[in-house]
Ligand SMILES: Cc1cc2nc3c(=O)[nH]c(=O)nc-3n(C[C@H](O)[C@H](O)[C@H](O)COP(=O)(O)OP(=O)(O)OC[C@H]3O[C@@H](n4cnc5c(N)ncnc54)[C@H](O)[C@@H]3O)c2cc1C
């Protein structure tokens with residue numbers, strides 16, 4: 001019977017290495033040079049590149065990719081265990097070559113790109129010689145892809161793209177933009193004439209595409225394949241976010257427990273107050289429920305596909321936002337006034353929780369997906385009563401005992417008495 005929650009000792013060794021590397025090398029980098037990992041400044045790169053090299057030397061670079069594409073081919077379950085560590089440190093995903101939005105974009109080129117496209121974009125992305133962004137959401141609405149208007153029109157040997165995108169994360173510093181048009185996904189060099197990046201928002205960019213021309217081979221995958229490619233990309237991205245969110249929740253939880261054991265009020269440790277214990281107990285259970293949901297989903301992807309796991313991925317997506325919101329709030333609250341400052345990570349964590357409920361699709365849309373897919377396995381009951389209506393079930397069940405009851409009339413009296421008591 002295969003039902004195992006243990007980690008192979010050889011892989012545990014890798015996890016242990018990752019944990020100490022993150023603590024000893026990446027955390028100090030984040031504290032002193034936040035954002036260094038994407039800097040093109042040679043002096044900053046001289047600090048960051050050796051760290052990336054250490055990761056490569058351990059065979060841990062680009063963990064999300066199969067071996068033939070330059071990753072270790074761990075699969076999603078092992079990636080989940082790694083991301084549970086990386087998610088605690090801001091620049092760890094990039095130092096391990098697994099940072100969004102590049103990961104999702106690389107997955108797309110790996111899955112749909114021609115050999116030539118892989119040479120031109122996938123391998124440089126993999127080596128982090130170039131960076132990318134994903135340009136899908138439009139200013140007039142992001143939740144409903146049927147409302148998107150950006151379109152590419154073929155003109156001779158070129159596609160001409162017109163439209164407007166909103167919240168393209170890291171678009172300003174990307175070398176290439178994956179632009180979702182109504183008729184396909186196109187790879188657009190950011191410096192192409194007609195690409196105009198608006199001043200706001202600063203990090204998640206508002207971009208106008210006006211008569212932007214790209215050669216025909218900049219279409220990724222089939223023409224009219226935008227929705228299929230987008231689903232594939234976002235499915236992978238959502239589960240990776242959920243994996244990293246577990247790390248955030250655990251960080252808040254560790255902080256909560258440490259503090260609860262460190263301060264007193266009204267004559268006892270804060271940890272000894274029942275309401276604080278309730279906060280700790282609920283957080284413990286919620287984090288572990290989320291973790292099991294995410295690991296089960298990762299395992300399902302490994303054993304089938306992202307598409308087959310879409311209901312589970314959607315459930316991970318809104319559950320991770322909810323657990324982060326609840327746990328970070330409780331931790332912040334237990335920290336009292338200190339929790340409300342930016343002197344610990346808690347305030348940023350709590351402020352980030354609503355973001356988790358919006359990025360990669362709003363919670364409501366994922367809940368609709370889950371409910372719709374789950375309902376496909378059910379059918380309405382026949383007649384007036386639900387199938388679990390007990391009097392009807394009991395009547396059916398009595399038929400099974402009809403012969404015995406016919407031989408032993410006392411049993412009929414006994415069963416009638418039990419039924420009268422049950423429905424009194
Ligand atoms: C941190 C972050 C990073 C992002 N990065 C990118 C990126 O790199 N590239 C990119 O293209 N996009 C990106 N996005 C955008 C993201 O995909 C959209 O914000 C998201 O799809 C929602 O679209 P919207 O913001 O237009 O909200 P809207 O579609 O306007 O929705 C607003 C609200 O309306 C309600 N609502 C909408 N639809 C429904 C429904 N069907 N049922 C019930 N209620 C509903 C919900 O309450 C929802 O929160 C990012 C967003 C965030 C927060």
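The values are calculated or read from the model by the stated rules, or taken from the named source; none is laboratory data. What you are looking at is a predicted structure, and each value in this text was computed from that prediction instead of being measured. Note that each Cβ is placed from the backbone with ideal geometry, even for glycine, and that neighbours are counted across all protein chains shown.
For residue 238, indicate whether it is surrounded by 13 or more Cβ atoms within 10 Å (Cβ to Cβ), away from the ligand (no atom under 14 Å from the Cβ), modelled with pLDDT under 95 and under 22 Å from residue 362 (Cβ atoms). Considered against the rule, which asks whether it is surrounded by 13 or more Cβ atoms within 10 Å (Cβ to Cβ), away from the ligand (no atom under 14 Å from the Cβ), modelled with pLDDT under 95 and under 22 Å from residue 362 (Cβ atoms), residue 238 comes out as no. Beta carbons closer than 7 Å, at least 6 apart along the sequence or on distinct chains, pair a first residue in the stretch 25-39 that is over 9 Å from residue 91 (Cα atoms) with a second that is at pLDDT 95 or above for 25/51; 33/47. Selection of the stretch 159-173 for residues being touching a residue at least 60 places away in the same chain (Cβ under 8 Å) and at negative phi yields 159, 169, 173.
Residues that are near the ligand (Cβ under 8 Å from one of its atoms) and out of contact with any strand residue (DSSP E or B) (no Cβ under 9 Å at 6 or more places or on another chain) within the stretch 142-170 comprise 143, 144, listed in sequence order. Filtered by the rule that a residue be surrounded by fewer than 15 Cβ atoms within 10 Å (Cβ to Cβ), over 19 Å from residue 358 (Cα atoms) and either within 13 Å of the ligand (Cβ to nearest atom) or modelled with pLDDT under 95 (or both), the stretch 198-209 gives no residues. Of all residues in the stretch 60-78, those satisfying the criterion of being surrounded by fewer than 23 Cβ atoms within 10 Å (Cβ to Cβ) and either outside the structural domain of residue 109 (by TED's automatic domain parsing) or not in a loop (DSSP other than H, G, I, E, B) (or both) are 67, 68, 69, 77, 78.
Out of all the residues in the stretch 132-144, which are crowded, with 17+ Cβ neighbours inside 10 Å and either outside any loop (DSSP other than H, G, I, E, B) or free of Cβ contacts under 8 Å to residues at least 24 places away in the same chain (or both)? 132, 133, 134, 135, 138 - these are the residues of the stretch 132-144 that are crowded, with 17+ Cβ neighbours inside 10 Å and either outside any loop (DSSP other than H, G, I, E, B) or free of Cβ contacts under 8 Å to residues at least 24 places away in the same chain (or both). Only one entry of 212, 195 meets the criterion of being buried (at least 18 other Cβ atoms within 10 Å of the Cβ), farther than 17 Å from residue 109 by Cβ and away from the ligand (no atom under 16 Å from the Cβ), and that entry is 212.
Within the stretch 171-188, the set of residues being more than 10 Å from the ligand (Cβ to nearest atom) and under 13 Å from residue 159 (Cβ atoms) comprises 181, 182, 183, 184, 185, 186, 187, 188.
Conditions (1) within 16 Å of the ligand (Cβ to nearest atom); (2) within 30 Å of residue 234 (Cα to Cα); (3) surrounded by 12 or more Cβ atoms within 10 Å (Cβ to Cβ), marked per residue:
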residue	(1), (2), (3)
378	no, yes, no
389	no, no, yes
410	no, no, no
415	no, no, yes
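In the stretch 99-131, which residue that is within 16 Å of the ligand (Cβ to nearest atom) and either part of a loop (DSSP other than H, G, I, E, B) or outside the structural domain of residue 78 (by TED's automatic domain parsing) (or both) is surrounded by the most Cβ atoms within 10 Å (Cβ to Cβ)? Among those residues, the one meeting the criterion is 125. Residues considered: 352, 357. Of these, the only one that is within 13 Å of the ligand (Cβ to nearest atom), surrounded by 17 or more Cβ atoms within 10 Å (Cβ to Cβ), assigned by TED's automatic domain parsing to the domain that holds residue 288 and within 12 Å of the chain's Cα centre (by Cα) is 357. Scoring residue 364 on the criteria (1) within 16 Å of the ligand (Cβ to nearest atom); (2) surrounded by 12 or more Cβ atoms within 10 Å (Cβ to Cβ) leaves a single failure, condition (2).
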